[in-house]
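The values are calculated or read from the model by the stated rules, or taken from the named source; none is laboratory data. Given the structure is predicted, the values throughout are model-derived calculations rather than measurements. With ideal geometry, Cβ positions are generated from the backbone for all residues, glycine too; neighbour counts draw on all protein chains shown.
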Amino acid sequence: MIRSAAFARSHLLSIAVVLLCSATTLGCTRSSSLPALIEDESAPKLPGKFVWHNLITNDGEAARTFYGELFGWEFDVKKDGRYSVITYQGHNLGGILDASNEENPPKTGRWLSAISVADLNESLVALGKAGGKQVDAPINVSGVGRVVTIEDADGALLHLLASEGGDPPDVEPAAHTWLWHELLANDAARAVAFYEAAFAYRTEPLKKQPTWEYRVLVSAGAPRAGIMKTPFEGTRSVWIPYLRVDDPAATAERASALGGTVVVAPDASVRDGTLALILDPTGAPIALQKWSPEEGASL
């Protein structure tokens, strides 16, 4: 199933251990401007929802070429070429930060996802009490809100985002857009306790496999992410974003042809062959998942 466990371990470890300053991590200065998360600013906030995704890479051009060819994504490259907004079928999906000119450029790429919080200051207090820590000072992003990079109690990195307006609504994700998020944790029980305490997630087992040691994080009436023990020994906990695809085997094969690496190929013994895990050409891991609303309803 895993083409090279040692290869996967080394890449996931290097992804997780590189800590960048928030200006690098977010692709912004202390006060910057990006497209609004949603046009309807009166939309409700959905605390706990994953609402933005940044790829931190040492080769922005290679990343744009790969994801553009693989998923049909388009990119609004900002004037300095350092940050690109990802768009697909008229919707903003996230950004790509080329950190190659930073003082300490990342050795390998990684995706950092942002979860919505109602009040950033209150969330940071709860974070600290639950055993997490704030990496550095929040950044004000005009049109988006206040963002900060944090580390959870198990060592995984992510962003917290308090939006200026509302959050994107819960809709069925289209193919080639974000579907799910999974925390591969060294200590899954500790991670579950942290997210319950820090962000008031409700956790529940999978309905289809209630005995499996996997917990679903639920907030604002919807499942948001899963937590499981990492299968890669000797690595730091890491969040893996999932993209919806129609054919994970064909997409993984195409990714390989474009310079990516298939770490976990679809296998009937793993989620009925609906899952693949790949590394993009800059080393960032991303999961490919075939999914239907009927299957999602069984979480």
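Take the conditions at pLDDT below 95, more than 13 Å from Asp167 (Cα to Cα) and part of a loop (DSSP other than H, G, I, E, B) and apply them to Ser100. Does it pass?
yes
Report whether or not Val192 is more than 22 Å from Leu55 (Cβ to Cβ), touching a Lys or Arg at 6+ places or on another chain (Cβ under 6 Å) and either in a strand (DSSP E or B) or free of Cβ contacts under 8 Å to residues at least 40 places away in the same chain (or both). Criteria met by Val192. Residue pairs whose Cβ atoms lie under 8 Å apart, sitting 6 or more positions apart in sequence or on different chains, and linking a residue in the range 153-170 that is more than 20 Å from Asp187 (Cα to Cα) and without any contact (Cβ under 8 Å) to a residue 60 or more places away in the chain to a partner that is surrounded by fewer than 19 Cβ atoms within 10 Å (Cβ to Cβ) and of a type outside the set (A, V, I, L, M, F, W, C), are Ala162/Asp119; Ala162/Arg146. Is there a residue being farther than 22 Å from Ala225 by Cα, polar (S, T, N, Q) and modelled with pLDDT under 95 anywhere in the range 121-129? No, the range 121-129 contains no residue that is farther than 22 Å from Ala225 by Cα, polar (S, T, N, Q) and modelled with pLDDT under 95.
Restricting attention to the range 94-107, the residues that are over 18 Å from Val77 (Cα atoms) and surrounded by 21 or more Cβ atoms within 10 Å (Cβ to Cβ) total 1.
Scanning the range 136-158 for residues that are aliphatic (A, V, I, L, M) and crowded, with 16+ Cβ neighbours inside 10 Å returns Ile139, Val141, Val144, Val147, Val148, Ile150, Ala153, Ala156, Leu157, Leu158. Screening the range 179-189 for residues that are out of contact with any Gly (no Cβ under 8 Å at 6 or more places or on another chain) and touching a residue at least 12 places away in the same chain (Cβ under 8 Å) and picking the one that is surrounded by the fewest Cβ atoms within 10 Å (Cβ to Cβ) gives Asp187.
Residues to consider are Glu204, Glu253; find the one that is assigned to a strand (DSSP E or B) and surrounded by fewer than 18 Cβ atoms within 10 Å (Cβ to Cβ). From the options Glu204, Glu253, the qualifying one is Glu204. Within the range 97-114, the set of residues being in contact (Cβ under 8 Å) with a residue 60 or more places away in the chain and in contact with a strand residue (DSSP E or B) (Cβ under 9 Å, 6 or more places away or on another chain) comprises Leu97, Ala99, Pro106, Thr108, Gly109, Arg110, Trp111, Leu112, Ser113, Ala114. Looking at Thr235, is it at pLDDT below 90 and surrounded by 20 or more Cβ atoms within 10 Å (Cβ to Cβ)? When the stated conditions are applied, Thr235 passes them.
State all residues of the range 110-151 that are among the aliphatic types (A, V, I, L, M), assigned to a loop (DSSP other than H, G, I, E, B) and closer than 17 Å to Phe194 by Cα; if no residue qualifies, say none. Once the filter is applied, which keeps residues that are among the aliphatic types (A, V, I, L, M), assigned to a loop (DSSP other than H, G, I, E, B) and closer than 17 Å to Phe194 by Cα, the range 110-151 yields Val117, Val135. When the range 86-96 is filtered for residues that are part of a strand (DSSP E or B) and in contact (Cβ under 8 Å) with a residue 40 or more places away in the chain, the ones remaining, listed by number, are Tyr88, His91, Asn92, Leu93, Gly94, Gly95, Ile96. Here Asp154 does not qualify as in contact with a Leu (Cβ under 6 Å, 6 or more places away or on another chain) and modelled with pLDDT under 95.
Of all the residues in the range 44-64, those that are hydrophobic (A, V, I, L, M, F, W, C) and assigned to a strand (DSSP E or B) number 5.
You will find that of Ala255, Ala225, the residue that is farther than 24 Å from Glu61 by Cα, at pLDDT 95 or above and touching a strand residue (DSSP E or B) at 6+ places or on another chain (Cβ under 6 Å) is Ala225 and no other.
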